[in-house]
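First the structure, in the form of structure tokens, and then the observations on it.
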Amino acid sequence: MFYDENENRKSISLVSIIVIILASLLVVGTILFDVQIRWVYVDKLAKSNQEVIVAQEENNKENNKENKKEEIKTQENKKEEKNENKSTQQTEKQEQQPTQKKEENDTKKQEQSTTQNQTQIPVVAPTQPATQPINPAPAEKNYGKIFLTFDDGPSNSTTGRLLDILKKYNVKATFFVTGNGSDELIKREYNEGHSIGLHTYSHSYKTVYASEEAFFNDLNKVDQRVYNAIGVHPKITRFPGGASNTVSKFNPGIMTRLAKQLKDKGYKYWDWNISSGDAGDTKDPDKIFENVTSQVSRDKRNIVLMHDIHEYTVNTIERIIIWAKENNYEFCRIEENMDPVHHRIAN
Ligand SMILES: [Zn+2]
């Protein structure tokens with residue numbers, strides 16, 4: 001019994017120990033399981049939270065983007081409204097645009113440019129009045145130019161030498177020719193680049209100013225002569241004695257009538273604004289030089305009257321050319337499309 005009791009106690013305590021161990025294991029296992037579940041849960045929770053946060057951030061980003069876009073659109077609309085009437089700020093605007101997707105930019109630019117093109121039309125209107133020329137001809141167009149004109153030739157004794165001098169300095173001039181001299185000299189004048197004008201054939205005041213018919217018969221005679229020589233009908237003329245002559249007063253009003261009829265027939269008559277004085281006032285080359293150089297000016301077209309039939313005139317011409325070139329004047333010939341210089345008609 002005693003033994004049995006002893007044995008019984010032993011088995012009871014053994015069972016108790018086993019139970020305690022099992023219970024402990026259970027408790028520990030439960031705790032571990034719980035912790036593991038918590039870890040997994042927390043991990044998942046954290047992940048999902050993170051996802052939520054990321055999603056929220058993305059949402060926020062998207063929202064911000066949208067907000068920004070809205071702001072930009074609003075700003076641009078305001079700009080467009082402000083700039084509706086300004087034409088020069090397109091480049092500025094493009095530089096101010098924030099960087100966005102290219103497609104959006106392109107579309108907006110197109111829209112912008114379309115809008116601007118539509119609204120700019122009234123602004124592009126010319127700033128200058130229509131009556132004001134865009135490029136007005138410079139006032140100094142005719143400044144510094146000398147037009148040498150030689151009347152009454154050609155002369156077989158002097159015109160050839162004059163042409164040599166003009167050629168030496170590459171100076172172009174104008175010859176108002178008559179029935180004098182050889183056709184060869186008129187050919188040479190023309191071929192060397194000078195202008196040919198008509199001065200009447202006879203140069204006789206009594207003949208040419210006797211009547212309009214007489215004048216044009218004489219003019220046609222020299223025209224035919226020139227045409228035979230060079231194949232050209234000149235349209236520039238000069239009256240013997242000029243349009244202001246009073247030697248024609250034996251036929252009252254003839255100069256007025258001739259001036260009108262010349263114009264009607266398509267001619268332009270040329271007078272002069274500088275006289276060399278070689279028609280009778282002087283035969284002194286120094287005086288001729290002084291007469292010309294003292295009257296030449298940059299304020300006008302310098303139309304110089306000379307006569308190539310005089311030895312003393314030809315003797316002066318080289319000095320005049322050298323003086324003019326030293327003073328930066330340019331020599332020109334009269335062209336048929338130029339507006340002529342006219343004297344006041346006195347008869
Ligand atoms: Zn003359």
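Surface calculation, 1.4 Å probe, protein heavy atoms: Trp270 sits at approximately 0 Å² accessible.
Legend: residues Leu305, Leu26, sorted from most to least accessible area (1.4 Å probe; ligands, DNA and RNA excluded), read Leu26, Leu305. Accessible surface of Arg298 in the full protein assembly, 1.4 angstrom probe, to the nearest 10 Å²? Here the residue's solvent-accessible area equals roughly 100 Å². Here the extension length gained between Glu330 and Glu213 equals 38.2 nm, from 0.36 nm per residue of separation less the Cα-Cα distance.
The 1.4 Å probe gives accessible areas that order Thr149, Thr207, largest first, as Thr207, Thr149. For the residues Arg301, Arg333, a 1.4 Å probe over the protein chains yields an accessible-area ranking, largest first, of Arg333, Arg301. Of the whole protein surface, Asp218 contributes about 20 Å² of accessible area at a 1.4 Å probe radius. Which of rounded, prolate, oblate describes the stretch 231-312, given a ≥ b ≥ c as roots of the alpha-carbon gyration tensor eigenvalues and a/c under 1.5 marking rounded, otherwise prolate only if a/b is larger than b/c? Cα axes put the stretch 231-312 in the prolate bin.
To put it simply, the accessible area of the stretch 143-331 at a 1.4 Å probe is 46 percent carbon and sulfur.
Only lysine pairs 8 or more places apart or on separate chains count here, and in the stretch 210-347 those with Cα atoms under 30 Å apart total 29.
Neighbours of Trp270 by Cβ distance under 15 Å: Lys/Arg scored +1, Asp/Glu scored -1, total +3.
The values are calculated or read from the model by the stated rules, or taken from the named source; none is laboratory data. A quick note: this is a predicted structure, and the numbers were derived from the prediction, not measured. Note that each Cβ is placed from the backbone with ideal geometry, even for glycine, and that neighbours are counted across all protein chains shown. SASA here: full protein model, heavy atoms, side chains in, ligands and nucleic acids out. Shrake-Rupley method; radii C 1.70, N 1.55, O 1.52, S 1.80 Å.
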